Amino acid sequence: MNLHHPMLAVTPDFGPITLIIVPVLVIAFILAIVVRQYRRCPSNRVMVVYGKVGGQQAARCVHGGGVFIVPLFQSYAYLSLEPMTIEIDLTAALSKKNIRVNVPSTFTVGISTDPAIMNNAAERLLGMNDREVTSQGRDIILGQMRLVIATLTIEQINQDRETFLDLVNKYCGAELNKIGLEVINVNIRDISDESGYIDAIGRKAAAEAINQAKIEVAEAKRHGDIGEATADREREVQVADQIAQAEIGRKQAQRNQRIRTAQLEAEGIAGEAESRRSQDVATAEQGAKAIQGQKTAEAEQRIRVAELEAEAVRGENESKAKVVDYEATLAEARAEAQRRGEVALANAARDVLLAEKEQEMARLEKTQVVQQLIERTKVEIDAEAEAERLRRIAKGEADAVLAKYNAEAEGLQKVLEAKATGYERMLSICGERKDLAPSLLIIEKLPELIAEQVKAIQNLRIDKITVWDSGQSVGTDGTVSTGSTGQFLRGLIGALPLMHELAKQAGIDLPGVLGKVQETEDAAGSAGPSSTRKIRPTPP
């Protein structure tokens, strides 16, 4: 065989190269799949892996990091962790004291990162948009807010906001966790009511604050007036003291001046006397005259010195008297200043007491007026609530009565319609014999008529009972046989007088078709016991 035939060409052998390339391609393919299926979760999202995740879980939630998605068996989706704002316009919510309040608020919610709550979100919120999620959250929050408000009074809601918010977070958070949400922040914008109760509480608090401020202002003013009066008194006393000391110093200076002047005058006079004595001694050369002049000069000197000393003592005494006079004047001035200070202090205390009295009277009057207004408001609120309750009860009773009458009317209408349908069918069944319809109706009502007749005679005293034959006869062999039609009619006609007698005793009239009883007189012409009764047919 020719091995070089073109159709039998042998291809080159690439065995070693294939063994290298194939594993590389497989590894690259596996790496590409791993890279493609490995998903990383951003920090602001929750990755929900669903499908076959192992165990009894419907989904597995991943926050941060990454996870490998098994192809064909698993898939994934994201839940956003961005906060969502829910506006709650809660109006006419019933509080604990049956006062309806308006509590508009803003809730900031988001999907929780707690594993259990994330699973709830994956099961209940996956695939929903923000509008649908906020709609569900709003419905839950509205219900829980009404529940919380129903357990609190208006004072607790308005004053203890921390407790109110804690209860809102507790109840709303627990319910929102069931669908995978958590409460991030609650902002109560305002609290109001239709009855004006909160405004009344605010006016009361404002009035109390104003009264307290006025009291504090009056007390501060009183302390200021007392301090001012005390300062004025001390200033006047110190001024009077300084004036007195200045006057004493001035008087002492004047006294020293007069004393020094007197001393200088005395020295001048003494010098003049000495000059004159020397001149006389020099002139009188005689010793006697000199001695006499000397003695005279000494005597005059002593006299003048005595006079000067007397004048000095008198000046000192006058100065002392003036000092005493000034001291007395200073004491009087001090006493007068103290008296004026005490009078001013007493007047200030009196003015303060009068102001406090007027303030206390105004406060008491305003407090009583506010209390009366609050009591009147409470009475009005209670009266309105009672009137509303009575109106609702009356409306409910009226609705119940109306419903009852409507039901009775509908039942009666259905009965009448059924009767009309029955009458119509009865007439259609009778066909041409329309006169049979009343007979059928009378037969239908016959048991009721018999019952009414029995009621009519059940209390009658019956002193006579009449029994007539029923048309049956007993043979010699003891058998009961029924007579013919003629025998029945004869028996019936024979029983008619007894029937009329029985009807007469019962006080009723038999139908005209049964005839009337006519009594015939005997030979004596009187209807007595021996008279006979005949049945006369009543003409049609």
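Read-outs throughout are calculated quantities, based only on the coordinates presented, and are distinct from any laboratory measurement. In this text, all values refer to a predicted model and were calculated from it rather than measured experimentally. Heads up, the Cβs are rebuilt from the backbone with ideal geometry, glycines too, and the neighbour counts pull from every protein chain shown.
In nm, to one decimal, how far is the modelled label at I393 from the one at V369, with both set 7 Å along Cα→Cβ?
3.8 nm
Normalising by the residue count of segment 122-181, find the relative contact order in percent from Cα pairs under 8 Å and 6+ residues apart.
The normalised contact order for segment 122-181 reaches 49 percent.
How many percent of all Cα-Cα pairs in segment 224-393 sit more than 22 Å apart?
The answer is 74 percent, as a whole percent.
Would you kindly state how much longer the chain becomes between I30 and A503 on full extension, computed as 0.36 nm times their sequence separation minus their alpha carbon distance, in nm to one decimal?
That pair, I30 and A503, stretches by 158.4 nm at full extension.
Please compute the modelled spin-label separation between Y423 and Q453, points set 7 Å along Cα→Cβ, answer in nm with one decimal.
2.5 nm
Taking segment 131-237, which GluC sites (Glu not before Pro) meet the DSSP loop condition and have no more than 10 other C-beta atoms within 10 Å?
Answer by residue number: there is no such site.
How many angstrom lie between the C-alpha centres of segment 106-181 and segment 364-395?
35 Å
With an 8 Å cut-off on Cα pairs and a minimum separation of 6 or more residues, tell me the relative contact order of segment 18-77 in percent.
It rounds to 34 percent for segment 18-77.
Check cross-link reach from K251 to the lysines: straight Cα distance under 19 Å, and skip same-chain residues fewer than eight apart.
Answer for K251, where 19 Å is the Cα cut-off: K320, K322, listed by chain and number.
Straight-line reach from K395: which lysines fall under 16 Å, measuring Cα to Cα and dropping same-chain residues less than 8 apart?
The reachable lysines, counting only those whose Cα sits under 16 Å from K395, are K404.
Rg/Rh for segment 309-390 to two decimals, with Rh computed the Kirkwood way over all alpha-carbon pairs.
Rg divided by Rh gives 1.78.
Which value, to two decimals, describes the C-alpha radius of gyration of segment 157-259 once divided by 2.2 N^0.38 Å?
2.74
Looking at the square roots a ≥ b ≥ c of the eigenvalues of the Cα gyration tensor of segment 82-194, which shape do they give, rounded for a/c under 1.5, prolate if a/b is larger than b/c, or oblate?
The shape class here is prolate.
Which lysines have a Cα lying under 21 Å from the Cα of K96, excluding residues fewer than 8 positions away in the same chain?
K170, K378
I need the phi-derived Karplus couplings for segment 64-75: 6.51 cos²θ - 1.76 cosθ + 1.60, θ = phi - 60°, integer Hz, Gly and Pro marked x.
With the stated coefficients, segment 64-75 comes to x, x, x, 8, 8, 8, 6, x, 6, 9, 9, 9 Hz.
Hull surface divided by four, with the convex hull built on the Cα atoms of segment 320-365: how many nm²?
Its Cα hull, projected and averaged over all orientations, spans 2.4 nm².
Which whole-number percent is the relative contact order of segment 224-393 (Cα, under 8 Å, 6+ apart)?
Relative contact order for segment 224-393 comes out at 41 percent.
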